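The structure appears below as structure tokens.
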Amino acid sequence: MSEATRHIAIVGCGQLAQMMAQEGKPLGITFSFLAEKAEDAGCVEGLGTLVRLDEASNGEELFQALGCPEVITAERERVDTTLLRELQRFCPVYPDPHVFEKAQHRLREKLALTASGLPVAPFVPAQGCDELKSALDKLGYPAFIKSCENGYDGKNQWRVKDAAQLQEAIEEAQELPCVVEASVEFSCEVSLIGARSVSGEVKTYPLTENLHRQGTLLLSKAPFQNAQLLASARAYLQKLMDDWDYVGVLSLECFVTSEGLVVNEIAPRVHNSGHWTLAGADTSQFANHLRAILDMPLGETDCPRPAAMVNMLGVDRAPPGENQGVWLYGKSLRRGRKMGHVLLLDDCATQLSQRSEAVIADLYRH
Ligand code: AMP
């Protein structure tokens, strides 16, 4: 099949699907998107065929409706893995559904990370009042209670620093299966994004430093200069990729501690902390994900100048001043919603930080 006719179906139709499709166009790739019945598909308007889940009753019909894609991928981890396995009968699904099964369930994820020898915070699975209390007895305060499923961007998650806060969390969590994690003392949070192709070629980007606000990513800066930490993050990512026979972009989020990296979580997809690669790296994470799943040679991941990304959370007004581009995803405005992002490049990392802070101050002034 020639490159001009390559076709990929993406499960999901948010901004990550949008950026994959935009970056795939110059590679001659066409797209279709699989959306939930009522999912907002504004982000992918004009970028390919949209198929709603209720339009077909089985995998074969869906595969046909999606235009018989060469490969299927996803822009999020909360996907129906039974459906993915059914679709796998017709074409490859990358990453494999077993990875989504791990990533969408915190306990399975932690067990998989430890099985591969990666360092994670001490954790105890717990469900309901008694188990939550006994987990806190074991781990001590402060600690994080995180629901196993449907927890993201700080949702379904409680930081408890004393017995009173534990009681509040118990009332909110009720019988949700949870993982209780010891609180990690960290100096900052970093992520490593890498791609592995079908043939096994691996390329990683520089480490990115991430700043969160109320559990949601606000600012990413790259490169985070620490050769030793970069080497261990690369080794961890490579280990997971090998153990899972991974294909596509994989993102690893870590805490930087005095004893090295502690892995917080993984995302089996392109990641918000890698958006800076759209302007700051030779090849974007989106293009490399597509290259990886189509088994094309991966693009270079060098980052010639320090780069930063500021998320536009609940704001869709471009900030004044020079920048490397404002990406607006075309969503309707909602409080705290990821509406777009701003990219900045600068030869001087200090100046880049100052300029990023100025953008944040402008976007979030009240
Ligand atoms: P998560 O949903 O796991 O990504 O957590 C959201 C944010 O909460 C992280 O980016 C950290 O800032 C903080 N956090 C989560 N787990 C821990 C932990 N075990 N120790 C310290 N901070 C944490």
Seminar exercise, completed: How many residues of segment 150-185 are surrounded by fewer than 16 Cβ atoms within 10 Å (Cβ to Cβ) and either β-branched (Val, Ile, Thr) or more than 10 Å from the ligand (Cβ to nearest atom) (or both)? The answer is 11
For this session: Please enumerate the residues belonging to segment 191-211 that are within 17 Å of Gln238 (Cα to Cα) and within 11 Å of the ligand (Cβ to nearest atom).
Result: Ser191
Exercise. If the Cβ limit is 8 Å and pairs must be 6+ apart or interchain, which residue in segment 120-144 that is at negative phi pairs with which residue that is part of a helix (DSSP H, G or I) and of a type in the set (Asp, Glu)?
Worked result: Pro125/Glu131
Exercise. Out of segment 213-224, which residues are in contact with a strand residue (DSSP E or B) (Cβ under 6 Å, 6 or more places away or on another chain), of a type outside the set (D, E, K, R) and open to solvent by 40 Å² or more (accessible area, probe 1.4 Å)?
Worked result: Phe224
Problem set entry | Any hit, segment 225-243, residues being away from the ligand (no atom under 16 Å from the Cβ), farther than 25 Å from Ser356 by Cβ and in contact with a Lys or Arg (Cβ under 8 Å, 6 or more places away or on another chain) | yes
Exercise. Can you find a residue in segment 52-72 that is free of Cβ contacts under 8 Å to residues at least 12 places away in the same chain and under 28 Å from Ile266 (Cα atoms)?
Worked result: no
For this session: Give segment 203-212 a look and list any residue that's surrounded by 19 or more Cβ atoms within 10 Å (Cβ to Cβ) and either under 29 Å from Gly314 (Cα atoms) or aliphatic (A, V, I, L, M) (or both), or say none.
Result: Tyr205, Pro206, Leu207, Thr208, Glu209, Asn210
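Let's see how each residue does on (1) β-branched (Val, Ile, Thr); (2) within 23 Å of the chain's Cα centre (by Cα):
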{"site": "Gln127", "(1), (2)": "no, no"}
{"site": "Lys133", "(1), (2)": "no, no"}
{"site": "Gly151", "(1), (2)": "no, yes"}
{"site": "Lys161", "(1), (2)": "no, no"}
{"site": "Gln167", "(1), (2)": "no, no"}
{"site": "Glu171", "(1), (2)": "no, no"}
{"site": "Val179", "(1), (2)": "yes, yes"}
{"site": "Gly194", "(1), (2)": "no, yes"}
For this session: Collect the residues in segment 7-31 that are surrounded by fewer than 22 Cβ atoms within 10 Å (Cβ to Cβ) and either under 14 Å from Gly330 (Cα atoms) or among the small types (Gly, Ala, Ser) (or both), keeping them in residue-number order.
Result: Gly14, Gln22, Gly28
Problem set entry | Boolean, Ala143 is open to solvent by 10 Å² or more (accessible area, probe 1.4 Å) and within 12 Å of the ligand (Cβ to nearest atom) | no
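One line per residue, one yes/no per condition, for (1) at pLDDT 95 or above; (2) within 20 Å of Leu345 (Cα to Cα):
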| residue | (1), (2) |
| --- | --- |
| His271 | yes, yes |
| Ser284 | yes, yes |
| Leu294 | yes, no |
| Thr301 | yes, yes |
| Ala308 | yes, yes |
| Leu313 | yes, no |
| Gly321 | no, yes |
For this session: Output the residue which, of all residues in segment 86-133 that are closer than 24 Å to Ile293 by Cβ and among the aromatic types (Phe, Trp, Tyr), is least open to solvent (accessible area, probe 1.4 Å).
Result: Phe100
Problem set entry | Among residues of segment 346-357, those that are over 20 Å from Ser273 (Cβ atoms) and open to solvent by less than 60 Å² (accessible area, probe 1.4 Å), counted | 1
Problem set entry | Enumeration of residues in segment 241-286 that are of a type in the set (Asp, Glu) and in contact with a helix residue (DSSP H, G or I) (Cβ under 7 Å, 6 or more places away or on another chain) | Glu265
For this session: Residue by residue through segment 232-246, note down the ones that are open to solvent by 10 Å² or more (accessible area, probe 1.4 Å) and closer than 13 Å to Gly194 by Cα.
Result: Arg234, Ala235, Tyr236, Gln238, Lys239, Asp242
Seminar exercise, completed: Here the residues within segment 186-202 that are hydroxyl-bearing (Ser, Thr, Tyr) and surrounded by 16 or more Cβ atoms within 10 Å (Cβ to Cβ) are Ser191, Ser197
Problem set entry | Residue within segment 359-366 that is in a loop (DSSP other than H, G, I, E, B), among the basic types (Lys, Arg) and without any contact (Cβ under 8 Å) to a residue 12 or more places away in the chain present | yes
Problem set entry | Arg106 out of contact with any helix residue (DSSP H, G or I) (no Cβ under 8 Å at 6 or more places or on another chain) and either under 15 Å from Arg269 (Cα atoms) or not acidic (Asp, Glu) (or both) | yes
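The values are calculated or read from the model by the stated rules, or taken from the named source; none is laboratory data. These numbers were taken from a predicted model, which means no experiment stands behind them. Glycine gets a Cβ as well: all are built from the backbone with ideal geometry, and neighbour counts include every protein chain shown. Heads up: the accessible areas ignore ligands, DNA and RNA and are worked out on the full protein's heavy atoms, side chains in. Shrake-Rupley method; radii C 1.70, N 1.55, O 1.52, S 1.80 Å.
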